[in-house]
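Q: Quick one: the structure is below, and I'll ask about it shortly.
The values are calculated or read from the model by the stated rules, or taken from the named source; none is laboratory data. Since the model is a prediction, treat every value here as computed from it, not as a measurement. Methodologically, a virtual Cβ is constructed for each residue, glycine included, from the backbone with ideal geometry; neighbour enumeration extends over all protein chains shown.
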Amino acid sequence: MTFAQFIGKGSEGIIGVLNTVVVPLIIAFSFAAFVWGVVSYFFLNGDNDTKREEGRHFILWGIIGLVVIFSVWGFVGILLSTLGIAPVGR
């Protein structure tokens, strides 16, 4: 197996696994944390300020997680395009 085969192109190799499994899974976890924070902050805790603060933290970390993963995913896409190893759809 050569390095090019290991890295893959499109939906094959490491790039394919990252683009089709790992990145969507991380996005789903970040979005779930955000949604849990919103539900916890607005609907579940009423007047309990400590629980609302916890919900606020989930919202913040969910947004931070989404921003980070989309930024890294975009950077990797630019890097792969520059190297000529474009993912699916490019």
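Q: Going through 52, 56 one at a time, which residue ends up being in contact with a Gly (Cβ under 8 Å, 6 or more places away or on another chain) and in a helix (DSSP H, G or I)?
A: 56
Q: Oh, and also: Determine which member of the set 71, 40 is at pLDDT below 95, under 29 Å from residue 21 (Cβ atoms) and loosely packed, with under 13 Cβ neighbours inside 10 Å.
A: Unique residue meeting the criteria: 71.
Q: Identify all residues within the stretch 15-37 that are at pLDDT 75 or above and aliphatic (A, V, I, L, M); write none if there are none.
A: Within the stretch 15-37, 17, 18, 21, 22, 23, 25, 26, 27, 28, 32, 33, 35 qualify.
Q: What about residue 59, is it aliphatic (A, V, I, L, M), at pLDDT 90 or above and farther than 30 Å from residue 15 by Cβ?
A: Spelling it out, residue 59 is indeed aliphatic (A, V, I, L, M), at pLDDT 90 or above and farther than 30 Å from residue 15 by Cβ.
Q: List, please: which pairs have Cβ atoms under 8 Å, are six or more places apart or on different chains, and start with a residue in the stretch 11-36 that is without any contact (Cβ under 8 Å) to a residue 24 or more places away in the chain and part of a helix (DSSP H, G or I) and end with one that is surrounded by 13 or more Cβ atoms within 10 Å (Cβ to Cβ) and among the hydroxyl-bearing types (Ser, Thr, Tyr)?
A: 20/11
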